[in-house]
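Just so it is clear, none of the values below were taken in a lab; they were calculated from the coordinates. Computed from a predicted model, the values in this text were never measured in an experiment. Cβ sites come from the backbone with ideal geometry, for glycine too, and all protein chains shown count toward neighbours.
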Amino acid sequence: MEDLLRKEKKFARSKHDFYAELGDIKFEGRDIKIKDDTYSLTNHAFSQFVSKLRKKLGLSGNVMNTHYLKACPEDSTEYQLNRWLDTIKMDHHGDLFYMRALDNELRAVLSEHYSKLDNQFILETVTDNMPDMDVQLSYLDENDLHLRLVDKEFTKGSGVGEINGGFHIRNSEVGKSSARMDFIIFQLICSNGMISTKHSDQLFNQRHYGATPHKVQDDLIAALNTNAAQYDEFHEYMDSLLQSQEVYIDFFDLDEVYEGIRKEFRPITTNVIDIAKTKSNKYLKDAKMSKYGLISSLTETARDNYEGNGRYDIEAAADKVLKLDKIETEDRVIDLSA
C-alpha cells in the first residue's frame, strides 16, 4: 500500500484542476484554448466535452458524434466545434466546466457540480484502516484505481477449485466510475477473479456528486470493517460458482456458445472470445464444457491480457454469465441451467 501511495503522490505533482467558463473556450485544431492557455485533450476528455456540447444543443445521438469528429480532418473538427461553441455561448456564456489536467493535457471535462474524491484519499483511508485481508491485486494509473482485498479465512471448495471471498475497490478521477466496493471471488491458486457489482450499494458506492470527505471516509471505513463472510448473499454467490462445476452445457458447439456470450455482453469483445477459445481445452471433460469452465476461460483471459478497467469489466461480465440460464443464438437456445 505504501508503494501505491508513493506512486499516486508522484502523479499528484503534475495534476491540477480549475473551473473554466464556456465563454473563454475555443478550439485550435483538436486542442482547446482557455483564455491564454492551450491544452491537448485525452480521447476520454474530448468525448466528455463533445458530449456536453451536444447535450446543450439538443443533438440526437447520430449527428456528428465523437467518433465522426475524431475521423474528420483537424481543420474541419475545429470549425464544427467552434460553431457549436459560438451557438451555445449566446445563452450559456457563463456556464462552468470543471477541468482536470495532467501537466498541459486535459484528462477530464466535468460538470461544475463534480465532487473530488481522489485516489490518494481512497488509498490513505484504506491504508489507515486496513482490514485483516490481503492485497491480491492493485492497479493505479493517473486516473483510475483498482484494489483487491481477499480474506484468506473465507474459503469454499477445495484443491484447485478453492475460492476465497473479498472486496474489490475501484475509483476513477475522470468520471468513468463512482468510488465503490464490490464483492470479489478470487482463486488463490490461479489468481482468477470474478466481480459481482450487484451489492455495491449495500457495501460502499459514492458518486462524485455531493460527496463530503468526512462522510465518505466514515462510510468507507465502515465498509472496510465489515466481514465479507457476514453477508448471506456472498455465501450464495460463492456456492453458485462452485455448483456451476457440475452444470454442463447441453449443446456443445464452442464457436456458437462463445458467440452467444459475445452478443450478450459488451465487454466480451471478439478479441476476448478469440483468446478465451484458446484456453478452453483445459476445461473440457469428455468433450463437454461446464459452465464453470466457460466462466474460467473468460476470467483467465482477463487475468492474462487485461488490466485496470478492462480486466474489471470482463470479470464483472463473467459474473453475469454465471447468472445466465440460457444463451440464445440465431439457430437455437443453449441451456446453461441443467
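Quick notes on this structure:
- When the Cα positions of T299, H92, F49 are compared along the charge dipole of the chain, H92 comes out farthest toward the positive end, with charges on each C-beta of Lys, Arg, Asp and Glu.
- The mean sequence separation of alpha-carbon pairs under 8 Å and at least six residues apart, normalised by the residue count of region 238-317, gives a relative contact order of 35 percent.
- The H on the amide N of H208, modeled in the peptide plane, is under 5 Å from the matching H of A179, each at least 5 residues off or on a different chain.
- Counting only alpha carbon atoms, the long axis of helix 74-92 and the longest principal axis of the chain meet at about 70°.
- Overall, the ratio between the Cα radius of gyration of region 1-87 and 2.2 N^0.38 Å, rounded to two decimals, is 1.32.
- Note that the chain shows a convex hull volume over its alpha carbon atoms of 154 Å³ per residue.
- FRET efficiency, K116 to A287 (Cβ-Cβ, R0 45 Å, nearest 0.05): 0.25
- Relative contact order, percent, region 112-208 [alpha-carbon distance under 8 Å, six or more residues apart]: 22
- Put simply, the amide H of L106, placed in the peptide plane, has neighbours under 5 Å in S40, L41, T42, leaving out anything fewer than 5 places away on its chain.
- Per-residue Cβ neighbour counts within 10 Å put K198, K320 in the sequence K198, K320, beginning with the fewest.
- Cα long-axis angle, helix 213-224 against the chain (0 to 90 degrees, to the nearest 10): 10
- Taking the inverse of the mean 1/r over every pair of distinct Cα atoms in region 25-173 gives a Kirkwood hydrodynamic radius of 18.5 Å.
- Rounded to the nearest Hz, the phi-derived 3J(HN,Hα) couplings of region 151-156 under the Karplus curve 6.51 cos²θ - 1.76 cosθ + 1.60 (θ = phi - 60°) are 8, 5, 8, 9, 10, 9, where x marks glycine and proline.
- Sorted fewest first by neighbouring Cβ atoms within 10 angstrom, L188, L106, L4 come out as L188, L4, L106.
- Distance from region 164-181 to region 73-109 (C-alpha centre basis), Å: 29
- Part-to-part distance (alpha-carbon centres) for region 293-338 and region 227-262, which is given in Å: 9
- Percent RCO, i.e. relative contact order, over the chain, from Cα pairs under 8 Å lying at least 6 residues apart: 13
- Going from the fewest other Cβ atoms within 10 Å to the most, the residues T212, T301, T197 appear in the order T212, T197, T301.
- Per-residue ³J(HN,Hα) for region 63-73, Karplus 6.51 cos²θ - 1.76 cosθ + 1.60, θ = phi - 60°, Hz, x for Gly and Pro: 9, 6, 6, 4, 4, 5, 5, 5, 7, 6, x
- Using θ = phi - 60° and Karplus 6.51 cos²θ - 1.76 cosθ + 1.60, couplings along region 307-323 (whole Hz; Gly, Pro as x): 9, x, 4, x, 5, 4, 5, 5, 5, 6, 5, 4, 4, 5, 4, 4, 7
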